[in-house]
Ligand SMILES: *Cc1c(COP(=O)(O)O)cnc(C)c1O
């Protein structure tokens, strides 16, 4: 086993200790569905690739190590990971979700799990006292994001975990926006961490993947059973790509965050900008709590322009920054939550939780900050209604 103390090293060396057969420093891509058995009942620990595959296993071990958990699971997408985790529940159970979560998380609860009698309610998880009152006997879990998508609302992860544990229920954290490099929810008491690894973990906008990590043997066994039974597993080649992406997570995120801080500063100073949502700003309502539980404010920024700027013209005038769904890629990506990532949330709920039609969500890439800011500045100026 390689010796190291820091997560920067774990990103590179976790999960795989070299290939004894060849010395390969990278995990081989075991592109196989099955494994020949020596005789009846005698095999090398691998039977069928839905159940287990060595490339996927290296990734699962890596993410468990990074999040400080006992077991990791890799899925075909973030939504497949979330679906597997929600499959732990049964008819009559209710899940509380924080008031801004990823649109797809809302949709799968509202349109899929609802059909099986698993209900949900949307609550403000930043207010622990009021949340505590919402935990009725049918509530079996709380699913949160911090910072939450797309308003970067910060929830006190430790306070939520302490609260839900008093009720004997589970705390589930979608850690996509922060990654274990910036925030480790299991260490703050969460029971399950989920990821859309499509975003920062993969980091190159070249794959769709999801992960789940737990610290408890019993939960690990149940999720392993669901993963094998429902079968939404990550393929060997994608597992390899994700491991490769994770190796550079630390250096990428350092630059992403640096750029985000510079861009947030530009946006705050701009007289075209009505509001900036970024927990890395000392003026942000989530700043103090975020500082307590995460390394920094992360790299995701949302903002609103004043009404005398035309949002359609703004998006059209961007040249470097790509108008696209997704986030966390090395290239800057920008989106309009109301019509894109959060369109599956009905208009009334969007208004209620503050996802206005003027909201813009930016995922700064690792280009030079000045180039990103120039692009924003040009587009903002062009979009001004004369
Ligand atoms: C993208 C995203 C998801 C869904 O993941 P996919 O990989 O697209 O299935 C879930 N949660 C958050 C916070 C996301 O950004």
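Throughout, read-outs are computed from the coordinates displayed, never taken from laboratory work. Quick caveat: nothing in here was measured; it's all calculated off a predicted structure.
Points worth noting:
- Remark: relative contact order (the stretch 132-266) = 17 percent; criterion is Cα-Cα distance under 8 angstrom and separation of 6 or more residues.
- The convex hull around the C-alpha trace of the stretch 177-336, projected and averaged over every direction, spans 11.2 square nanometres.
- Whole-angstrom Cα spans of the stretch 270-336 along principal axes, big to small: 39, 29, 16
- Quarter of the Cα convex hull surface for the stretch 117-270, i.e. its orientation-mean projected area (nm²): 11.3 nm²
- The stretch 313-386 and the stretch 95-156 have their alpha-carbon centroids 25 Å apart.
- Percentage relative contact order, the stretch 89-181, counting C-alpha pairs under 8 Å, at least six apart: 31 percent
- Tilt relative to the chain, helix 249-269 - C-alpha long axis, 0 to 90 degrees, to 10: 20 degrees
- Were the residues from residue 283 through residue 2 laid out at 0.36 nm apart, the gain over their Cα-Cα distance would be 96.9 nm.
- Evaluated at q = 0.07, 0.12 Å⁻¹: base-10 log I(q)/I(0), Debye formula over Cα of the chain: -0.32, -0.92
- Nearest 10 degrees, 0 to 90: helix 236-247 Cα axis against the chain principal axis: 60 degrees
- Note on the stretch 1-39 and the stretch 158-231: Cα centroid distance 22 Å, given to the nearest whole angstrom.
- Of 168, 23, 69, the residue with the greatest mean-square motion in the GNM of the chain, using alpha carbon springs below 10 Å, is 23.
- Rounded to 10°, Cα long-axis angle of helix 217-230 versus longest principal axis of the chain: 90 degrees
- Pairwise Cα distances in the stretch 209-281 exceed 17 Å for 67 percent of all pairs.
- Diagonalising the gyration tensor over the Cα atoms of the stretch 252-386 and scaling each eigenvalue by 5 before taking the square root yields semi-axes of 21, 19, 15 Å, largest first.
- Put simply, the convex hull of the Cα atoms in the stretch 1-124 casts, on average, a shadow of 11.4 nm².
- Estimated [θ] at 222 nm from DSSP helical runs (n ≥ 4, -39500 (n - 2.57)) normalised by residues in the chain, nearest 500: -10500 deg cm²/dmol
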